[in-house]
Amino acid sequence: WPLERPVPPDVLWVNTVRQARAMAIAGLTGESFTEPGTRSWTEVSFGETQPPEIANPDWPWDPTARVTIPGTNIAIRGKIDRLDLLANAVAVRVTDYQPDNAKSMVIAAGGELQRVLYGLACRELLPATEKVITRLYYLKDSPKAYYLRDLPDAIAQTAAFADAASAALERGNAAPGPAANEQNYDLRLALPASPSYF
């Protein structure tokens, strides 16, 4: 990193590296696996439009296989931080690592969809696997996992929201979204200046 781009002053940089090291150790050593035959992968792609530069024939699925939100034509893609597949594919667990602990949430107005969409990808790409476990794993301070309790319901909610948003866009109405009023929102300049817009 320091060879390719500027770094902050030494005291901030050293602290950043220290925090990154602590979170990496928490992620790698926070739990042990006792299930025999469990296979694990990291950075597992799904829904990609192009084959990956480095093909991995050992992946649990074809990374270019299309994944759509149920009841819509909306295709999704992404990379799952970690995927654990139990022996005989009886269950799959997906983990999304996060730096900060934001307590338990499900969709959070679209701000937290990883568990839902990753679980959806597993349901579509591993149809023989009945049990899909999805979780956020927060690494800072006291590491803790937050499991999604009802994946089918969360997928149904997401599909309803996606369908409503798609219909609004097709009518020419674009909602600003929950983060649009934040100072660091990339497209804020293109939005109306009036505070009442939000």
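The values are calculated or read from the model by the stated rules, or taken from the named source; none is laboratory data. Note that the coordinates shown come from a computational prediction; the quantities given were computed from them, not determined experimentally. Glycine also receives a Cβ, built like all others from the backbone with ideal geometry; neighbour counts cover every protein chain displayed. Please note that ligands, DNA and RNA were not included when accessible areas were found on the heavy atoms of the full protein model with its side chains. Shrake-Rupley method; radii C 1.70, N 1.55, O 1.52, S 1.80 Å.
Worth a mention:
- Take each peptide in 5-14, 152-161, count the other Cβ atoms within 10 Å of every residue, and average; sorted highest first, the result is 152-161, 5-14.
- Nitroxide proxy distance, nm - points 7 Å out along Cα→Cβ at R18 and A89: 4.7
- Annotation: amide H-H contacts under 5 Å for Y97 (H modelled 1.01 Å from N, sequence separation of 5 or more, or interchain): D81, Y137.
- Note on the range 112-198: with charges restricted to the Cβ of Lys and Arg (+1) and Asp and Glu (-1), its dipole about the Cα centre is near 240 debye.
- Size descriptors for the chain (Cα atoms only): Rg and Dmax, in that order, 19.4, 59 Å.
- DSSP-defined antiparallel bridges as percent of all bridges, the chain, nearest 5: 70
- Rounded percent of accessible protein surface that carbon and sulfur make up, the chain, 1.4 Å probe: 56
- Of the peptides 84-90, 166-172, the ranking by mean beta-carbon count within 10 Å, highest at the top, reads 84-90, 166-172.
- Amide H contacts of I74: I69, each under 5 Å away and 5 or more positions distant or on a separate chain (H built 1.01 Å from N in the peptide plane; Pro and chain starts excluded).
- Most positive-pole-ward Cα, P127, S142, V116, against dipole of the range 113-153 from beta carbon charges: S142
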